[in-house]
1. Please indicate, with yes or no, whether at least one residue in the stretch B:190-199 is more than 12 Å from chain A (Cβ to nearest Cβ), more than 30 Å from A:Thr76 (Cα to Cα) and of a type outside the set (Val, Ile, Thr).
2. Consider B:Glu190 against the criteria (1) part of a helix (DSSP H, G or I); (2) at pLDDT 90 or above; (3) within 26 Å of B:Ile209 (Cβ to Cβ): it satisfies all of them except one. Which criterion is unmet?
3. Looking only at the stretch B:200-228, count every residue that is within 19 Å of the chain's Cα centre (by Cα) and either over 30 Å from B:Thr87 (Cβ atoms) or more than 11 Å from every other protein chain (Cβ to nearest Cβ) (or both) and tell me the total.
4. Do the conditions hold for B:Ala147, that is, is it among the small types (Gly, Ala, Ser), at negative phi, surrounded by 13 or more Cβ atoms within 10 Å (Cβ to Cβ) and touching a residue at least 12 places away in the same chain (Cβ under 8 Å)?
5. What about B:Val252, is it of a type in the set (Val, Ile, Thr), part of a helix (DSSP H, G or I), assigned by TED's automatic domain parsing to the domain that holds B:Ser102 and crowded, with 18+ Cβ neighbours inside 10 Å?
6. Using beta carbons and a limit of 6 Å, which pairs, at least six apart or on different chains, have the first residue in the stretch B:186-203 and over 10 Å from B:Met170 (Cα atoms) and the second one surrounded by fewer than 18 Cβ atoms within 10 Å (Cβ to Cβ)?
7. Which of the residues that make up the stretch B:153-191 are surrounded by 17 or more Cβ atoms within 10 Å (Cβ to Cβ) and aromatic (Phe, Trp, Tyr)?
Amino acid sequence: MPVAQNAIDFRAVGQVFATESGPLTALDAVDLSIAQHEFVAVLGPSGCGKSTLLRLTAGLMLPSEGAVSVFRQPVTRPRDDVGIVFQQATLLPWASVLDNVTFPAKHKRGRVSAMDRDRAAEVIAAVGLKGFEARLPAELSGGMQQRVGIARALFLNPDILLMDEPFSALDALTRDAMGFELLKLWQASPKTVMFITHSIPEAVLLADRVIVMSARPGRIIADIPVPLGRPRDETALRAPEVQDFAAHLRDLLIAKEAAQ
Amino acid sequence: MSAKADPDLKAVTGSLTRKAPSLPLTERLIAMPVVLPLLTFAVILVLWESATRVFAIPSFILPAPTRIIEGFSAVPPARWGAHVWATLRVALIGYLVAIVVSLPIAVGLAKSRLMSRAFYPLLVVIQSVPVVAVAPIIIVVLGTDDAPRVVITFMIAFFPLVVSMTTGLMATPPELIELSRSLRAPQYREITQIRLPYAIPYIFSGLKISVTLAVIGAVVAEFVAADVGIGFFIQFSTSMFRLPQAWAGLVVLVAMSLLLFQAVSLAQRVFFPWSLPKERR
């Protein structure tokens, strides 16, 4: 019996998709537990079923085999306590920053209350976009757009934050800066984070634990804690043991690819 | 201070004027989006006028622009008004009916693969029917008032609207649909708050194509059966051998189509500025 409550549990989860060229096994026998307020990075090549993992947790699809549960309840449909940040910010181009952030309220309940607007102002300030409330997405840089995407996911104050390669569309500098800001947000208001990525440095910088996956079928090939304390900064990444850890992750990914 | 009193300043301004890059003539012409096409148009009119005079082309083959203007003024403004209004009314009603009918069909096609498999081929068949050929049949079936004309206009204007709306409704990023599902929002809000606004740029390309098609539809209907309207006027003038007047009718039609097209563009610019490409906002 684990001490901390598990936020996310995968038990022998398999996912098979019917495609035109026959069934495709996206996930095979995945066992995974993520404790509450843990920051877990899921690292793997494209097509390894990372996004499937995220969508199963979100209740956007149901597993073909095994069971997915969130806070010990089987996931049968999307839950209110799970927020998603996508690879692209996918904002509404016609809506201001404020309206994009309050969109979950408008979409779910049909209206935006004064309380919703206060909450939006709070999360907009938290992601560093105070003063940009009235701007349209097209007037923002890619990094700022993704901040709005994060604010939108935080708006309903979810216990679990699912992030699907959220910074992969950004340039390298913005990407690092966003990583540090995400850590600040997470430390200020702890959440369980499942962070999908194919970047080793990003996984090492952000996560408590890295799950390494192989492609086709998607399997977990390693589940390793990151040997790095918190808070973290750029210098921490240059420590030799962190470099070794990153190299180890790289070896795992490459060895698996070579074996195929 | 005069430039003379300060040789340094003169040197500076002198070098400034020398260095100021003067755009080549073509660049300067491109920078005049209104003047340039008008200029082209004027040149064509002058060439046209001179050609008809130099080669003594009879006006029933190609009337000179001045003859067309004479033809235009020979018809009293009230008559023009009646013709324009008749055509405009049918075109607009047919256009509105096409919009109202195509929207639910597009939503059905976009939301349900079953519907799109079942009905899309049928729509293509309907589109492939030459409306000009069906027009006389429709007139016989529906009589000679506005109804058959509206139906003919509708048939011409309808298809591009359905296609553009359906394409637009399916152009929504899948992540937003996932967001909608993850919020467990009512289905209709996925349409009204996400898919429809996302389709706006597509819908407006359809609306722009269809509004000019609606004018064509109204004219086709008038060719078949009408006693008023620009289409009727052109046909009547031709049968009376008043070719300059028929040409004047044509000019009025072109002006009507252009104005309607511009009205739709303006509506998009005013109500949905975000839906335009950045450089045209």
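The values are calculated or read from the model by the stated rules, or taken from the named source; none is laboratory data. Keep in mind that this is a model prediction, so the values were computed, not measured. Virtual Cβ from ideal backbone geometry, glycine too; neighbours counted across all protein chains shown.
1. Taking every residue of the stretch B:190-199 in turn, none turns out to be more than 12 Å from chain A (Cβ to nearest Cβ), more than 30 Å from A:Thr76 (Cα to Cα) and of a type outside the set (Val, Ile, Thr).
2. That leaves (3) as the condition not met.
3. The qualifying residues number 20.
4. No: the conditions fail for B:Ala147.
5. yes
6. B:Pro197/A:Trp94; B:Ile200/B:Phe272; B:Tyr202/B:Thr167
7. Result: B:Phe154, B:Phe158, B:Phe159.
Each row is one residue, and each column tells you yes or no for (1) closer than 25 Å to B:Val224 by Cα; (2) over 27 Å from the mean Cα position of the chain (by Cα).
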{"position": "B:Leu103", "(1), (2)": "no, no"}
{"position": "B:Ser112", "(1), (2)": "no, yes"}
{"position": "B:Ser116", "(1), (2)": "no, yes"}
{"position": "B:Phe119", "(1), (2)": "no, yes"}
{"position": "B:Leu122", "(1), (2)": "no, no"}
{"position": "B:Val131", "(1), (2)": "yes, no"}
{"position": "B:Ile137", "(1), (2)": "yes, yes"}
